[in-house]
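No value in this document is a laboratory result; all are computed from the given coordinates. All figures in this text were calculated on a predicted structure; none of them were measured in a lab. Every residue, glycine among them, receives a Cβ derived from its backbone with ideal geometry; neighbour counts consider all protein chains shown.
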Amino acid sequence: MANNNIEIEIKLPISKKQSEELIRKLGQSSKKIGTSRQIDDYYTPPHKNFFKPDPPVEYLRIRKSQKGDSFNYKYWYTNKKGVSTHCDEYETVIKNVQELEKILKVLKFKKIITIDKKRVNFIYQEKYKISLDTVQKLGNFIEIEALLGSDNIQKTRSELFNLAKELGVETSEPDKNGYVYLLMKKEGLIR
C-alpha cells in the first residue's frame, strides 16, 4: 500500500508463457517475497448494492490465504474515461474467518462472487510490488503496485506503465476494473 491507505496499481493480462518468463526474469533481478493461493469472497451490504454500478467502485472482501486471513474494503476512483486510477484501501487481519462470515450473514451481507488465484510476489527496486497472478476462469495477469507514497497519482501510474513496458508487457489493454468485474461479466452477473 502506497500512502495513507491509498493504493496505486495497474493490472495487465499476460499469457501463461509470459508469466513463466517474468517469474524467471524477476527471480534474477528482484526480491521474491513469496507464493500464495488467495481465495477472495466479495460481499455487498443489505443497505446498498456495491455491484449495481457498472463498473462497481466499492468492494468488501474476506481473503483466505495460507499467510493469514484478512478483511478489506476498497473504494475505487475513476477518471473521465471510466478507468480506475487508485483506491482508498482499509484492511485488517482476521483471527477467525468463520466467525466473521457468520457475523456478515446475520447482518444480511450477501456473498456475490469468489476469486481464486495463485500469486507470486516480488519487490522490484524497493519501489514496486510486482505480482504474477493465475486466476481461475480468467487466466494470467501482472499487477504492479507503487510502494512509495506519491501526491501525483497520474505520474505514478505513468511510472507503473513504463515499468511494465521495460518488462516486455503489452500495455495497450490494461484491466480497468479488476478480477471481480471480469469474472462477474464472464459469468453473466454484469452485462
Spin-label model distance (nm) - Glu91 vs Glu170, 7 Å beyond Cα toward Cβ: 2.9
Loop-located GluC sites (Glu not before Pro) in region 116-170, at most 10 other Cβ atoms within 10 Å (DSSP): Glu126
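Which net charge results when you count Lys and Arg as +1 and Asp and Glu as -1 among the other residues whose beta-carbon is under 14 Å from that of Asp133? Spell out each step's value before the answer.
Details: positive: Lys11, Lys16, Arg37, Arg63, Lys117, Lys118, Arg119, Lys129, Lys137; negative: Glu9, Glu20, Asp40, Asp116, Glu143, Glu145, Asp175.
Summing Lys and Arg as +1 and Asp and Glu as -1 gives +2.
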Ranking Lys11, Lys52 by Cβ neighbours within 10 Å, fewest first, what do you get? Lys52, Lys11
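So which of Lys11/Lys64; Lys64/Lys105; Lys16/Lys186; Lys105/Lys186; Lys129/Lys155 end up more than 23 Å apart by C-alpha? Mind dumping the intermediate values first?
Numbers: Lys11/Lys64 21 Å; Lys64/Lys105 17 Å; Lys16/Lys186 19 Å; Lys105/Lys186 26 Å; Lys129/Lys155 17 Å.
Where the Cα-Cα span goes over 23 Å, the pairs concerned are Lys105/Lys186.
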Taking 25 Å as R0, compute the FRET efficiency from the Cβ-Cβ separation of Lys17 and Gln125 and round it to 0.05. 0.50
One can check that the equivalent ellipsoid of the chain, built from the alpha-carbon gyration tensor with semi-axes equal to the square roots of five times its eigenvalues, has lengths in Å, largest first, of 27, 19, 17
